[in-house]
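Coordinate-derived values only; no laboratory data. None of the values given here were measured: they were computed from a predicted structure. Backbone-built Cβ (ideal geometry, glycine too); neighbour counts: all protein chains shown.
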Amino acid sequence: MRWKAHLAPSIAISLFMIAFVLAAFGPPANAKSAELTRSQVEAALPKLDKLAADVIKRGDVPGMAIGVVFNDQVLYLKGFGVRQLGEPDAVDPDTVFQLASLSKPLASTAVASLVGEGIVSWDSKIIDLDPSFRLYDPYATAQVTLRDLFSHRSGLAGDAGNDLEGLGFSQAEILRRVRYLPPAGPFRSTYSYSNFGITEGGVAAAKASGMAWEDLIATRIFKPLGMTSTSARYADFVARPDHASLHAFIDGKWQPVVKRNPDAQSPAGGVSSTVRDLANWVILQMDGGEFQGKQLIDPTALAETHKLLIQSGGNPVTKQPTYYGLGWGTDVEANGLHWRHSGAFSAGARTSVDIMPDQHLGIIVLANAFPSGVPEGLTDAFYDYVFDGKQSQDWVSKWTDIFGTAFYGEFLDSAIAQYANAPTPHTQALPLSAYTGIYSNDYFGQAVISEKDGRLVLALGPDGKTVFPLTHFDRDTFLYYPSEEAPNYPLPVQFTPGPALKATQVTISGVNDSGQGVMKRVNK
């Protein structure tokens with residue numbers, strides 16, 4: 001989705017909860033953590049390998065890579081399928097994938113390195129690190145900290161900034177404009193998964209270090225860990241010869257038609273990497289900031305990232321409550337303690353990492369398609385194989401059904417059905433000149449409605465470069481189709497005529513979750 005708040009570039013998915021449902025679950029009474037043996041883990045690997053091959057054979061995703069780490073040893077690295085459908089290049093352990101929200105725990109790791117050296121603290125106020133940043137509420141602006149932003153409890157609305165990113169606004173401009181959005185709920189007591197909240201946290205911490213964010217995370221995390229194929233810049237991703245294309249499910253098949261540049265939200269969703277590189281980062285997490293005998297990050301600062309801070313919702317499979325720390329989910333299940341995070345772009349990315357620190361066991365799954373529950377499904381199946389020798393249920397199908405239903409059912413199918421046919425009786429539009437003009441608000445800036453070849457055209461974003469033709473639906477309601485990955489998905493644009501039957505405002509519903517889709521006419 002190019003810019004709609006619900007499905008914007010993060011994804012933005014207000015699939016927020018879904019893109020990342022593996023935050024952390026509440027501890028069941030029967031939690032256990034019997035020590036694993038290497039033979040148990042190795043016995044699970046052939047089963048995982050076969051299941052992954054079956055997933056590709058079924059066409060659940062075009063390509064993916066899997067890494068398994070146990071006791072500081074990388075036991076398994078393998079690619080499956082292809083980087084891009086229609087091309088012969090196979091995925092291997094060195095294929096670079098866009099990580100989407102799996103970038104968040106990488107970001108908190110980088111900030112932990114600054115915390116450990118006293119450059120910032122998790123309770124550093126953002127106003128001290130980045131005096132230009134503002135939230136809607138003055139009290140929250142004065143008090144919000146790195147801890148608040150990295151745990152999604154600042155009150156910043158979940159979709160905040162995603163729509164601006166899709167329109168092409170710069171990171172700096174997006175972070176400036178979030179001040180116009182009312183909070184999703186009370187400060188520090190409301191969980192709202194915010195890409196640009198964590199982005200501001202990363203940017204503010206980087207300012208304290210005197211470095212750009214992309215250089216900071218490379219210098220403090222990627223280079224010391226030997227993550228030579230990892231970057232927080234999109235240009236580096238596309239320059240890698242061995243990189244995976246994104247695939248969206250369009251017209252009943254996977255298609256690599258959408259590109260996704262997440263630089264504006266780099267700390268929250270802009271990292272690209274391989275399973276080989278990420279395995280080193282997983283070892284760092286397991287070893288409390290130590291890697292190959294060297295303490296890279298203070299263990300206390302890093303441990304803060306794994307502590308439960310706020311309830312984040314519920315797991316759609318287990319129905320357990322979920323919780324969030326600092327860029328991580330933390331949970332205790334029947335088989336023990338987990339740290340985990342998932343990522344997704346509606347343009348075609350699905351990723352996950354899951355670590356059992358007490359067992360020194362972790363699994364990484366990177367896939368190049370959305371919607372899909374393959375990463376979570378393979379992860380849950382793998383743990384079943386390790387602890388019980390067999391799957392307790394078909395995890396991949398279960399998770400894929402959840403993702404598919406959330407995306408196509410809730411967000412697409414109902415909207416397509418709602419606007420499939422004009423109402424009866426149908427009311428003609430006013431003369432198009434009644435709607436043309438310039439509309440504006442503080443958050444979006446200008447929306448220009450013009451007439452071209454007998455139809456209305458909507459122009460948004462910097463210099464009006466994002467243009468959508470409008471299709472008449474009924475009287476003052478028109479439709480536009482903003483999504484490349486869901487090209488049949490209509491969204492309404494509703495004009496409000498004044499006394500002279502000339503529109504005085506326009507409501508663009510696709511970006512109106514916080515009321516910012518309402519724009520007043522500014523020209524006569």
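Brief remarks on what is shown
- Local electrostatic count, D137, Cβ distance below 14 Å [Lys/Arg +1, Asp/Glu -1]: +3
- FRET efficiency for the pair D463 and N71, taken as 1/(1 + (r/R0)^6) with r the Cβ-Cβ distance and R0 = 60 Å, rounds to 0.65.
- The stretch 321-424: Rg to Rh, with Rh as the Kirkwood radius over Cα pairs: 1.10
- Counting every other Cβ atom within 10 Å of each residue's Cβ, E484, E200 order from fewest to most as E484, E200.
- Table column - 3J(HN,Hα) (Hz), the stretch 138-143, Karplus curve with 6.51, -1.76, 1.60, x for Gly and Pro: x, 5, 4, 4, 6, 10
- Members of K125/K223; K57/K398; K319/K398; K223/K294; K47/K319; K125/K207 lying beyond 21 Å, as alpha-carbon distances in this model show: K125/K223; K47/K319
- Residue-count net charge about I438 - beta-carbon cut-off 11 Å; Lys, Arg +1, Asp, Glu -1: +3
- Rounded to the nearest 500, the helix-only mean residue ellipticity at 222 nm of the chain stands at -7500 deg cm²/dmol, with each DSSP H run of n ≥ 4 adding -39,500 (n - 2.57).
- Nearest 10 degrees, 0 to 90: helix 195-209 Cα axis against the chain principal axis: 70 degrees
- Crossing angle, helix 395-404 versus the chain [Cα axis fit, 0-90 degrees, rounded to tens]: 20 degrees
- Of the peptides 443-454, 318-329, the ranking by mean beta-carbon count within 10 Å, highest at the top, reads 318-329, 443-454.
- Cα-based helix-to-principal-axis angle, 103-116 vs the chain, degrees rounded to 10: 60 degrees
- Of interest is the spacing of the C-alpha centroids, which for the stretch 356-383 and the stretch 141-216 amounts to 28 Å.
- The stretch 222-245-the stretch 438-515 distance, computed between alpha-carbon centres (Å): 38 Å
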